Every structure is written in structure tokens, then in C-alpha cells.
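Take a look at the structure set out below.
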Amino acid sequence: QVSCIEVVEAYVERIREVNPLINAVVKDRFEEALQEAQQVDKLLSEGPGDDYLEEKFPLLGVPITVKEAFSLHGMPNTSGLVNRRNVIATSDATVVSRLKQAGAIPLGVTNCSELCMWYESSNRVYGRTNNPYDLQRIVGGSSGGEGGVLAAACSVIGVGSDIGGSIRMPAFFNGVFGHKPTTGVVPNDGQFPNAHGVRTSFLCTGPMCRYAEDLEPVLRVMAGPGVSKLKLNEKVSLEKIKFHCMDHDGGSVFVSPVDKEILQAQKKVVEHIESDLGVRVQHVSIHKMKYSFQIWSAMMSSEDSNGQEAQRFIDLLGDHGKPVWPLWELMKWLVGMSSHTFPAIALGLTEKLMKLNHSGNAKLVSMGKSLQEEMEALLGQDGVLLYPSHPTIAPKHHSPICMPFNFAYTAIFNVLGLPVTQCPLGLGSEGLPLGIQLVAAAYNDHLTLAVARYLEKAFGGWVLPGKV
């Protein structure tokens, strides 16, 4: 009905209209995108046939955006680190290359937190990204630019990565869908920083989008040959899913209590599933979830099976240059002289403390392994767990510093290696998005994606900011 050039022009115009407010797209490639759109229209007019095109290019002409931490040829690849501000990607990350080969058209790259290790997307290279529902609120991190750009209807699909909730927190704060696949299926190559040692089992690359039905086709392209492991061709009967529900982590001292509105939204989901599908949602209380933050931290800093230590954050901050001294950087930061953000400096300081408690860490790693077994046994091949995406709705700028460990609600599933879909549930009383995490056992991504499509129909999914 419309030409590809019209579609791309509409998105370019939309970005130009709203990006000055939200600062999500940090570098565009509009000219190249428009040229690529013309080539798509030419291909369509010469028409080797729709069936052939659909099979060869399933995302033909679809405008996408890419988190700046991923290599996109000709675009910056700094990850918000000042001493990488001149780094321009000379190739594409594997997932970016696969999306391009499937016909997608990248419009540009989007903001993230410094080195992708904080849940507010702000850095000294590009500044801060604002939430489209309320400019005084965060977009989350580290794939926060993607969350904001999708919520503001500036892109169709986003490429995100997630080692502690970096896809799901921005998806939640911005009222869109985000999927963290089962670990080890979608390749992580071509992003900076990449995971090394034990962390390669925790980092996941996945799709973010406004509509639930878009998650699966994009995931298929991203996963490439590994897609068969995810059972996406299996038909899901919702009535046969064993639903479990957990309202909160059990009361960790490090984490905020869950907001009433988030609990209410989750209750409505449970009630809807029970009345509509005629199934019973089992309320569970998994004691070890109370230690989610401690388990994640210990597993992130543990050695891999070959005894290789996890890469140090302070070495990443230096990016192959001189090592960074966090205490010295803190002194510089206090007088406005540091090129690093406060959260990055704080993480450098806490990293040193984590290394001091060897026996405590070993206990937590073994607790994590036993929690994983408990989760896999609970969920089996037909179970889905409903769990809050975050204890609070999108916080105001800077306030994550006061509750730095709230990301534990998403992070725990990275170290457990489970697939999780964050699903929006409309807006709360302050006009900010609500949502829920849908969790399944490893390689059962098809279950969480099916439930996300179902809940989108029931609760309306994404809501255009400013519509209320």
C-alpha cells in the first residue's frame, strides 16, 4: 500500500520531531537509509515475486535502530566511553548483519549507559536520554535509547543486549516488549564491551519492539542457524501451560518493595488468565530469590570452568589504555574533572570490595546453581512464571543512585540462563507504563512469546505517549 521510501521518510521525520526532547538516537544514517529504501522499491517493482522475497528477505524495508554498543558499519561504537569517542565501526555485529541481510534498514544508533553497566542511559559522550512518557524520568539501561525510541514510535524494531536486565528494564519503563532469549542461542559478537569468561553465559542479545507479534520473526533472524533450539515452530496451547506467579522477591534488604500499582497489574493478569483460560495460577514463594542481587554479583565475578577470572570493569573503563583508579576518579568527579559517570566510578569501587569475600562468594555461586535447578524443576517443559519486571515504575533521573540494586528483579534470570519476555500492561495512574516478566525454562522461548501475544490482546500492549 505504501512504498518503502515513504515508510522510511515517515520514521526519519518522526525522529527529527521527537529526538530533540528524548535524545535517544545519538547518530543517524538517514541518507544511507533513504538510498536503501529506494533499492527496496526498485527490487519490488522488478518483482521476483512476493513469496520469494518474503522467504529471502523476511524484514524487507523494515526500519530498525541499533544500540550504540553494537557495531553498525560507519557508525560510532563508544558505549558512552569518552576515550572511545573517535571509534567508528568498520563492520557489522553478527545480529546487525543478519538483520540487514533479511532486508531491515538501520536508521541509526541509540544511547546506552557508560559501558552498558547501569540502568540509567546517560554518559559523558552523548548526555542523557529522557522517557517519552515523562521527560523527567529515566528510560532505563543499558539499552535505554532503544526503549525510548520504540516507545516514541521512531523505529519498528530495536537491537538490545542484556546481562542484568538491559533489554527488559528499558522495555518496562517505556511500555514496549523486550525478549531476553535463552542463553547461548543468539550470537553476542560485535558489541563493546563483550562478555568474557563466565559472563559469556549471562550476556544475551535480543529484540525489542512495540508489538508482541514482531518479537518472533526478529528473534528468528537474530538466532540464525541456532533458531531450531528455541522450538518457535511448536504450536502453543495456552490452556495447557502451567502458570506460576510470584509477587515479589521475598523482601531483600537491598531492593525496594514492589509498588502497589505493579502488584495490582500482576493480580489483574492472574485473574484474567484464570477466568479466560479456565486454569489455576499457582502462587509460589521461592526463598532463594530474596538473594537475587547477591547471587548475580557473585556469579558475575566468579571464575569460569578453566579458572579464567571475569574481566575487571576498571580495565574496561581504561579501554586498553591506562588502568582507571576509581578513588582518584571519584575525587576528580567531585570537582567536575572526571570523564566518567558517577555510577561507573561507584561500580569500579564496589568491584574491589566484591573480590575480598571469597568464601561468601563461593556459597552464593552454589546457591545460584541450586536456584537454577529449582526453577527448571518448577517450570519444566510447560511452565511460565509471572514476576515483576522491576519493583518501581520508571524512576526520576538520578534516583537509581539511591536504590542501585533494584535491577536484581531482572538480573537473576541472566545468571539462571532462562528466557524472559517483558510484556507491557498499559499505563498506571501517573501515565507511566506498567508491565510484567514472563519466564520459562531454558529453550522454551516459544511459551513466553505466546503468552506475551495473548496478554497484549487482553491488556492493550503499547500505548502512544501523550495519548492519555
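The values are calculated or read from the model by the stated rules, or taken from the named source; none is laboratory data. All of these numbers come straight from a predicted model, not from anything done at the bench. As a convention, Cβ positions derive from the backbone with ideal geometry for all residues, glycine included, and neighbour counts pool all protein chains shown. What goes into the accessible areas is simple: the full protein's heavy atoms, side chains included, and nothing from ligands, DNA or RNA. Shrake-Rupley method; radii C 1.70, N 1.55, O 1.52, S 1.80 Å.
How much of the accessible area of the chain, probe 1.4 Å, is carbon plus sulfur, in whole percent? Don't skip to the answer; put the middle values down first.
Working: 10290 of 19230 Å².
It is 54 percent, rounded to a whole number.
Can you list which of the trypsin sites (Lys or Arg not before Pro) found in the stretch 226-255 are DSSP loop residues with at most 13 other C-beta atoms within 10 Å?
Working: sites: Lys229, Lys231, Lys235, Lys240, Lys242; in loops: Lys231, Lys235.
In loop regions of the stretch 226-255 (DSSP not H, G, I, E or B), the sparsely surrounded trypsin sites (Lys or Arg not before Pro) are Lys235.
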Inset, instruction - May I ask for the Kirkwood hydrodynamic radius of the stretch 22-141, worked out over all distinct Cα pairs and given in angstroms to one decimal? - result: 15.5
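Ordered by packing density, taken as the mean number of other Cβ atoms within 10 Å over each peptide's residues, highest first, how do 160-170, 205-215, 37-47 rank? Kindly include the intermediate steps, with their values, before the conclusion.
Values: 160-170: 31.2, 205-215: 23.5, 37-47: 13.7.
Sorting 160-170, 205-215, 37-47 by mean packing, highest first, produces 160-170, 205-215, 37-47.
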Legend entry - the chain - share of DSSP beta bridges that are antiparallel (%, nearest 5): 65
Legend entry - the stretch 227-305: C-alpha gyration tensor shape, a/c 1.5 cut-off, then a/b vs b/c: oblate
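Which of the peptides 272-281, 379-388 is most tightly packed, and how do the rest follow, going by the mean number of other Cβ atoms within 10 Å of each residue?
Numbers: 272-281: 14.0, 379-388: 19.5.
Per-residue Cβ counts within 10 Å, averaged per peptide and sorted highest first, yield 379-388, 272-281.
Can you bin the stretch 181-316 into rounded, prolate or oblate? Criterion: square roots of the alpha carbon gyration tensor eigenvalues sorted a ≥ b ≥ c, rounded for a/c under 1.5, prolate for a/b above b/c, oblate for the rest.
Numbers: a/c = 2.25, a/b = 1.27, b/c = 1.77.
Cα axes put the stretch 181-316 in the oblate bin.
Just the accessible area per residue of the stretch 4-459, please: how many Å² with a 1.4 Å probe? Write out the running numbers ahead of the final one.
Working: 18260 Å² over 456 residues.
In whole numbers, the stretch 4-459 has 40 Å² accessible per residue.
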Legend entry - Given charges at beta-carbon only (K, R positive; D, E negative), |dipole| of the chain in Debye: 1200
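Once the piece of chain linking Lys235 and Leu378 is laid out straight, how much longer is it, given 0.36 nm per residue of separation minus the C-alpha distance between them? Mind dumping the intermediate values first?
On the way: separation 143, 0.36 × 143 = 51.48 nm, distance 2.16 nm.
Gain in length upon complete extension: 49.3 nm.
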Legend entry - Linear extension gain, Ile401 paired with Lys42, 0.36 nm per residue minus alpha-carbon span: 124.1 nm
Legend entry - Rounded if a/c under 1.5, otherwise prolate or oblate - the stretch 65-136, Cα gyration tensor axes: oblate
Inset, instruction - Order these peptides, 409-417, 173-181, 17-25, 425-433, by their mean beta-carbon neighbour count within 10 angstrom, highest first. - result: 173-181, 409-417, 17-25, 425-433
Inset, instruction - Taking each pair of different alpha-carbon atoms in the stretch 155-217 once, compute 1/r for the pair, average those values, and report the inverse of that mean as the Kirkwood hydrodynamic radius in Å to one decimal. - result: 12.0
Legend entry - Label point distance in nm, Ser275-Trp325, each placed 7 Å from Cα along Cα→Cβ: 6.4
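Cβ under 13 Å from Ile286's Cβ, Ile286 left aside: what net charge do those residues give with Lys, Arg +1 and Asp, Glu -1?
Every neighbour counted, the sum reads -3.
Work out, step by step, the length gained on full extension between Met337 and Tyr211: first 0.36 nm times the residue separation, then minus their alpha carbon distance; give nm to one decimal.
41.0 nm
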